[in-house]
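Nothing in this text is a laboratory measurement; each read-out follows from the coordinates by a stated rule. Note that the coordinates shown come from a computational prediction; the quantities given were computed from them, not determined experimentally. We place every Cβ from the backbone using ideal geometry, glycine too, and count neighbours over all the protein chains shown.
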């Protein structure tokens, strides 16, 4: 295992080492010590490595992730896993706003709570939150799945496209063009699979399904007040 102590090194040097790894590297297990709220830790990875960050991190940790597994053993700031393409980003604590923003693929797991705008503009990523999420989560979400084991704040799924949202707890309010939909056996199977993959236990039967009413795809004067 490669061990990097950010009390003795810096984030730029760490990220450069990770970016310089060849495809056939045998240095695939990494442990990052003393992150102390540093920003942009382990960003832009493009290799199947496994990184454990021992402590709290700041903004955009594991942003633009591809193939790698990044586990944050603590809390994290804005934009964790932002623009993830594939792989797994896991936060064992709470996440600030915009977790998994614009994610195209892979999975983001927040074992605790996530702040506002979780999954904003998601484009295919799967996000599983063990706790609750804040306001305007899944705003303009285009594709993918958001599974929330706790509650959701106001304006869930505002201006939603084709992403599917599953919430076990209470939803404060739904955003424009977001409606509750029937929870089908296929939906239940999807939620069960995502929970199992995320390693989070919850009662699938208690989840409710939300999606797009598809009224805002094209401008129509009858819906002008919703834009």
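One table, with the values for the structure above:
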| item | result |
| --- | --- |
| Cα gyration tensor category, rounded, prolate or oblate, for region 35-143 with a/c compared to 1.5 | oblate |
| Choice from 198, 172, 143 with maximal GNM fluctuation in the chain (Cα, 10 Å cutoff) | 172 |
| Span from the region 11-86 Cα centroid across to the region 120-158 one, whole angstrom | 23 Å |
| Per-residue [θ]222 nm for the chain (sum of -39500 (n - 2.57) over DSSP H runs n ≥ 4, rounded to 500) | -3000 deg cm²/dmol |
| Tilt relative to the chain, helix 185-198 - C-alpha long axis, 0 to 90 degrees, to 10 | 20 degrees |
| For the chain, built as a Gaussian network whose Cα springs stay under 10 Å, the top-fluctuating residue of 146, 216, 45 | 216 |
| DSSP bridge pairs, the chain: antiparallel proportion in percent, nearest 5 | 15 percent |
| Inter-site label distance for residue 25 and residue 184 at 7 Å from Cα along Cβ, in nm | 4.3 nm |
| Label zone at residue 71, where the point sits 7 Å out along the Cα-to-Cβ direction: region 81-110 residues whose backbone N lies under 14 Å | 88-93, 109-110 |
| Modelled FRET efficiency - R0 30 Å, residue 143 with residue 9, Cβ distances, 0.05 increments | 0.20 |
| Fluctuation leader among 137, 173, 212 - the chain, Gaussian network, Cα springs under 10 angstrom | 173 |
